[in-house]
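Coordinate-derived values only; no laboratory data. Just so it is clear, the model here is predicted, and its values are computed rather than measured. Ideal geometry is used to build each Cβ from the backbone, glycine not excepted, and the neighbour counts take in all protein chains shown.
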């Protein structure tokens, strides 16, 4: 993988990035008919991603504590939050797209479309990267990217059908 592209990928837990991106895309679909400003849309997307990341971290910490039969300590919780943080970071492209809408570059509706399309492209990249890290061949890397991007495409289709 080219060094420039590798810098765009999270250092840890690409799976959380994939999950977070699908989550953010589903929130975007839900905001399609909202009559709120792009700023409020940004808040809704960011808070949702943060809550889900923290919920995953908490569940992971509880599970780890039970697995090792040890009290739930700060270290276990901190490690779980750090592991799940890419889920919260996955909101960045949507926040940039909606931030441009909030600045008046384009409408909030266009911002939602830019965000969901960017997320679908990222899903391809992250799916391909996960398969590449697993030493998949070129066709496997492409297939993994397309399969992962399909999750975003399904949400795009849902957005078109619902709105």
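Below, the figures for the structure above:
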read-out	value
Span per principal axis, largest first, for the Cα atoms of region 100-163 (Å)	43, 26, 12
With Cα atoms, 0 to 90° folded angle of helix 92-102 axis to the chain main axis	30 degrees
Taking 84, 33 and counting other C-beta atoms within 10 Å, the order from fewest to most	33, 84
Degrees between helix 74-89 axis and first principal axis of the chain (Cα, 0 to 90, nearest 10)	30 degrees
Cα gyration tensor of region 27-77 - equivalent ellipsoid semi-axes, whole Å, descending	35, 10, 5
C-alpha long axis of helix 138-162 to longest principal axis of the chain, angle in °	50 degrees
Relative contact order for region 106-159, counting Cα pairs under 8 Å that sit 6 or more residues apart, in percent	42 percent
Relative contact order for region 43-99, counting Cα pairs under 8 Å that sit 6 or more residues apart, in percent	50 percent
Nearest-0.05 FRET efficiency for residue 161 and residue 74, computed from C-beta distance (R0 41 Å)	0.35
Part-to-part distance (alpha-carbon centres) for region 35-55 and region 65-109, which is given in Å	11 Å
Theoretical ellipticity at 222 nm over the chain - DSSP helices of four or more residues, -39500 (n - 2.57) apiece, nearest 500	-27500 deg cm²/dmol
Which of 91, 27 has the fewest Cβ neighbours within 10 Å, and the rest in rising order	27, 91
Computed over region 13-162: relative contact order in percent, which uses C-alpha pairs under 8 Å that are six or more apart	31 percent
Relative exposure of 69, 131, judged by other C-beta atoms within 10 Å (fewest first)	69, 131
